[in-house]
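Asker: Dropping the structure in here first, questions after.
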Amino acid sequence: MDLTSIFSIAGKPGLYQLVTQSKSGVLVQNLEDGKKVHADASSKISGLADISIYTETEEKLLTEVLLAAKSHFDGKPFEINLSKETAKMVETFEAILPNYDKDRVYNSDIKKIFKWYNILLASDLLTEEVAEEKTEEAKAE
């Protein structure tokens, strides 16, 4: 599956998969509980395939960062309490992406990335093929 159909919606927790489009917005399904909700055209919707993480030299696609996390954790979920163990969370993120821009990538961003990682891993949507396709598309542009 391609991550271009996976979205984050501002003000709503979790990740959503596109079900269908309508004249007034989109119908999406929550990846965690399977509930379908309508997001109207005024909602701030971000496709995961379009998100990049700032590094000191360039921007790194979120897909690449998520796959690096999967490799770092040997395909297992991230088990740290994100609310209480902020220092350990940041330390782990530095191990995954050592040159991330500490001025522009906030702890809240790191927390969100790890939450998304766990959701995508549980939904079996984090595969190598997806990252390779997106990386090739980015290089072609």
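Asker: Taking only pairs six or more apart or across chains, which ones have beta-carbon atoms under 7 Å, a first residue in the stretch 40-55 that is among the acidic types (Asp, Glu), and a second residue that is not in a strand (DSSP E or B)?
Answerer: Asp40/Ser24
Asker: Could you grab me the full set of residues in the stretch 1-17 that are under 13 Å from the mean Cα position of the chain (by Cα) and assigned to a loop (DSSP other than H, G, I, E, B)? Quick ask: steps written out before the conclusion?
Answerer: Step one: filter the stretch 1-17 for residues under 13 Å from the mean Cα position of the chain (by Cα), giving 2-9, 13-17.
If the condition is that a residue be under 13 Å from the mean Cα position of the chain (by Cα) and assigned to a loop (DSSP other than H, G, I, E, B), then Asp2, Pro13, Gly14, Leu15 are the ones that fit.
Asker: Then there is this: Considering only residues of the stretch 18-64 that are in contact with a Gly (Cβ under 7 Å, 6 or more places away or on another chain) and assigned to a strand (DSSP E or B), which is farthest from Ile6 (Cα to Cα)? Steps first, please.
Answerer: Of all residues in the stretch 18-64, those in contact with a Gly (Cβ under 7 Å, 6 or more places away or on another chain) come to 30-32, 38-41, 43.
Cutting the leftovers down to assigned to a strand (DSSP E or B) gives us 30, 38-40.
Working: Asn30: 10, His38: 14, Ala39: 13, Asp40: 16 Å.
Ranking the qualifying residues of the stretch 18-64, first place goes to Asp40.
Asker: Sticking with this one: Any residue in the stretch 15-37 that is closer than 21 Å to Val105 by Cβ and in contact (Cβ under 8 Å) with a residue 60 or more places away in the chain? Before you say what the answer is, go through the steps one by one.
Answerer: The first filter runs over the stretch 15-37 and keeps only residues closer than 21 Å to Val105 by Cβ, leaving 15.
Remaining after also requiring in contact (Cβ under 8 Å) with a residue 60 or more places away in the chain: 15.
Looking through the stretch 15-37, at least one residue is closer than 21 Å to Val105 by Cβ and in contact (Cβ under 8 Å) with a residue 60 or more places away in the chain.
Asker: Let me ask something else. Of (1) modelled with pLDDT under 95; (2) in the same structural domain as Ile119 (by TED's automatic domain parsing); (3) surrounded by fewer than 14 Cβ atoms within 10 Å (Cβ to Cβ); (4) farther than 22 Å from Glu128 by Cα, Thr86 satisfies all except one. Which?
Answerer: Just one mismatch for Thr86, condition (3).
Asker: While we're on this one: Which of the residues that make up the stretch 1-30 are farther than 15 Å from Asp50 by Cα and β-branched (Val, Ile, Thr)?
Answerer: Within the stretch 1-30, Val19, Thr20, Val26, Val28 qualify.
Asker: Please count how many residues of the stretch 10-44 are in contact with a helix residue (DSSP H, G or I) (Cβ under 8 Å, 6 or more places away or on another chain) and over 19 Å from Tyr117 (Cβ atoms).
Answerer: Filtering the stretch 10-44 down to residues in contact with a helix residue (DSSP H, G or I) (Cβ under 8 Å, 6 or more places away or on another chain) leaves 14-15, 17-18, 31-32.
Adding the requirement that they be over 19 Å from Tyr117 (Cβ atoms) leaves 18.
Summing the residues that are in contact with a helix residue (DSSP H, G or I) (Cβ under 8 Å, 6 or more places away or on another chain) and over 19 Å from Tyr117 (Cβ atoms) in the stretch 10-44 gives 1.
The values are calculated or read from the model by the stated rules, or taken from the named source; none is laboratory data. Because the structure is a prediction, the values reported are computed rather than measured. Quick reminder, even Gly has a Cβ in these numbers, built from the backbone with ideal geometry, and neighbours come from all protein chains shown.
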